[in-house]
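The values are calculated or read from the model by the stated rules, or taken from the named source; none is laboratory data. Not measured: the values here are computed from a predicted model. Positions of Cβ are backbone-derived with ideal geometry, glycine not excepted, and every protein chain shown enters the neighbour counts. Ligands, DNA and RNA are excluded from the accessible area calculation, which covers all protein heavy atoms including side chains. Shrake-Rupley method; radii C 1.70, N 1.55, O 1.52, S 1.80 Å.
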Amino acid sequence: MKRIAFFSVLILAVCTLTFAQQDKSKRPSPPAQTECKLPGGKTIHIDYSSPRMKGRKVYGGLVPYGQVWRAGANEATTLTTGANLTVGGKDVPAGTYTLFTVPMEDKWTLVISKKTGEWGVPYPGEGDDFARVDMAASKLGSPMENFTINLSSSGSGCSLHMDWENTRASVDLMEKK
C-alpha cells in the first residue's frame, strides 16, 4: 500500500513539473523573443522573459542602479547570432551568449557572458564576461508596463532596444565583415 501511495505521489509530481515546464506562458513573467535578419541573411535571436512593472518603481528600486541585472526574469536572457558581430566596438563571434546589464540613470552597460545555460541569477561573474559595452539610455515618451527587448533592422545591422518603465537602453549590433 505504501508503494502505491509513493508511486502515485511520484507520478503526480512528474506530471505537475512537466505541465509547468510546458506552459511557460502562464508565468507572471512570460517568455518572449525577438529576431533580426542581417543584410547577408544570417539572424540575431534573443530569448528572454518579460517581467511586469505592477506599480513598482523599477530602475533605482526593484532593479538597483550600478548592479548587474539579468535583463529579464526566469531563465537567463540569451543572444544567439549566426554571424560575427561588432557590438559597441567589441568583436563578438557567431554563437550563443547570456546577456546581463548594469543600469545607470544616464547610461547602461551590456554584459555579454560566455557562460550559458544557467538560470538568470546569480550572475556568473566577471571572469565569464566575453565583453562589456556601453548602451545609450534615454527616456520613453510613456511608461512601458512590460519589459521588452526589441531587435530592429538598422542599416547594415540591427539595433537592440531594452524598454521598461520610463527607460530605453540601446546599442547597435553590426555584422563584422
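Quick one: in region 104-136, of everything that is among the small types (Gly, Ala, Ser) and surrounded by fewer than 13 Cβ atoms within 10 Å (Cβ to Cβ), which residue is farthest from PRO51 (Cα to Cα)? Checking each candidate, the answer is GLY127. Would you confirm, using the coordinates I've provided, whether THR80 is hydroxyl-bearing (Ser, Thr, Tyr), in contact with a Leu (Cβ under 8 Å, 6 or more places away or on another chain) and at pLDDT 95 or above? Answer is no for this residue.
Scanning region 137-169 for residues that are hydroxyl-bearing (Ser, Thr, Tyr) and open to solvent by less than 30 Å² (accessible area, probe 1.4 Å) gives SER159, THR167. Residues in region 59-75 that are under 14 Å from the mean Cα position of the chain (by Cα) and in a loop (DSSP other than H, G, I, E, B): 6 in all.
In this structure, does PHE147 turn out to be under 17 Å from MET53 (Cβ atoms) and under 19 Å from the mean Cα position of the chain (by Cα)?
Details: under 17 Å from MET53 (Cβ atoms): yes; under 19 Å from the mean Cα position of the chain (by Cα): yes.
In short, yes.
When every residue of region 133-140 is checked against the conditions, at least one turns out to be in contact with a Gly (Cβ under 7 Å, 6 or more places away or on another chain) and either over 14 Å from ILE46 (Cα atoms) or at pLDDT 95 or above (or both). Within region 76-96, the set of residues being closer than 21 Å to GLU35 by Cβ and either in a strand (DSSP E or B) or open to solvent by 60 Å² or more (accessible area, probe 1.4 Å) (or both) comprises THR77, THR78, LEU79, THR80, THR81, ASN84, LEU85, THR86, VAL87, VAL92, GLY95, THR96.
Counting residues in region 97-108 that are more than 21 Å from LYS37 (Cα to Cα), over 15 Å from the mean Cα position of the chain (by Cα) and aromatic (Phe, Trp, Tyr) gives zero.
Every residue, every condition in (1) touching a helix residue (DSSP H, G or I) at 6+ places or on another chain (Cβ under 7 Å); (2) part of a loop (DSSP other than H, G, I, E, B); (3) at pLDDT 95 or above; (4) surrounded by 11 or more Cβ atoms within 10 Å (Cβ to Cβ), yes or no:
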{"position": "LEU10", "(1), (2), (3), (4)": "no, no, no, no"}
{"position": "ALA13", "(1), (2), (3), (4)": "no, no, no, no"}
{"position": "THR18", "(1), (2), (3), (4)": "no, no, no, no"}
{"position": "GLU35", "(1), (2), (3), (4)": "no, no, yes, yes"}
{"position": "LYS57", "(1), (2), (3), (4)": "no, yes, yes, no"}
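Filtering region 97-117 to residues that are part of a strand (DSSP E or B) and among the basic types (Lys, Arg) leaves only LYS107. Screening region 59-71 for residues that are open to solvent by 10 Å² or more (accessible area, probe 1.4 Å) and either touching a Lys or Arg at 6+ places or on another chain (Cβ under 9 Å) or among the aromatic types (Phe, Trp, Tyr) (or both) and picking the one that is nearest to ASN146 (Cα to Cα) gives LEU62.
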